[in-house]
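See structure below.
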Amino acid sequence: MASPRMLAEAQLKAGRSPIRVLIALDSPMDCQLLQAALKGSRHHLEAVACVVSRTDIIHCLSRGNVDVALINVDLEGGRLTGLDVLSEIHASYQSTPVVMLFDTWNDDLIVHAFRAGAMGVFCRSEKKLDMLWKCISAVHEGQIWANSVQMQLLLRTLRKVTPIR
């Protein structure tokens, strides 16, 4: 069986560039742990930066070397700081898809994340890291990432909105 490093090298030789991921979490230690896990994965992903603040997220995105941003709902700046920066990211960096990372599911926050421009939602408490890597890859390919419960929530929310005449 091939090691993750051998698989990554084979993909590079095949001409595929790694997906460049911005990791934004609420603590430097969490960032380092996720970055180390990413390096050890068999997926073709590369952490280009690990940050904990809104300012650092915007700075990293302005460099133009991020393919997907993985942003925790809470950052160093406090509760919901990651969610608050989503609209700014969507307005200024529309070509960079965002996966919003939650500690637990909250219907209102999920709807808010998609309204603000998230392309995927992922909950730390329910999935394995391998699924997170698949989520990032899928969003990079232009797909929406949400489980069936979240999709039903979004459809119910759309049904409540008054139709445009």
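Quick notes
- Filtering the range 17-37 to residues that are under 20 Å from ASP130 (Cβ atoms) and in a loop (DSSP other than H, G, I, E, B) leaves PRO18, LEU25.
- The range 64-89, residues that are touching a helix residue (DSSP H, G or I) at 6+ places or on another chain (Cβ under 6 Å) and over 20 Å from PRO28 (Cα atoms): ASP67, LEU86, SER87
- Only listed residue being on the phi < 0 side of the Ramachandran plot, in contact with a His (Cβ under 8 Å, 6 or more places away or on another chain), without any contact (Cβ under 8 Å) to a residue 40 or more places away in the chain and open to solvent by less than 50 Å² (accessible area, probe 1.4 Å), chosen from LEU109, LEU61, LEU83: LEU83
- Cross-chain or 6+ apart pairs with Cβ under 8 Å, the range 124-135 first and of a type in the set (Lys, Arg), then modelled with pLDDT under 95 and open to solvent by 50 Å² or more (accessible area, probe 1.4 Å): ARG124/ASP103
- At least 3 residues being more than 10 Å from the chain's Cα centre (by Cα) and closer than 21 Å to SER41 by Cα is the threshold, and among the helices (runs of 4 or more DSSP H) wholly inside the range 72-141 those reaching it are 129-140.
The values are calculated or read from the model by the stated rules, or taken from the named source; none is laboratory data. Predicted model only: the values in this text are computed from it and were never measured. When we count neighbours, we look across all protein chains shown, and the Cβ atoms used for this are built from the backbone with ideal geometry, even at glycine. Quick note on the areas: whole protein, heavy atoms, side chains included, nothing else; ligands and nucleic acids left out. Shrake-Rupley method; radii C 1.70, N 1.55, O 1.52, S 1.80 Å.
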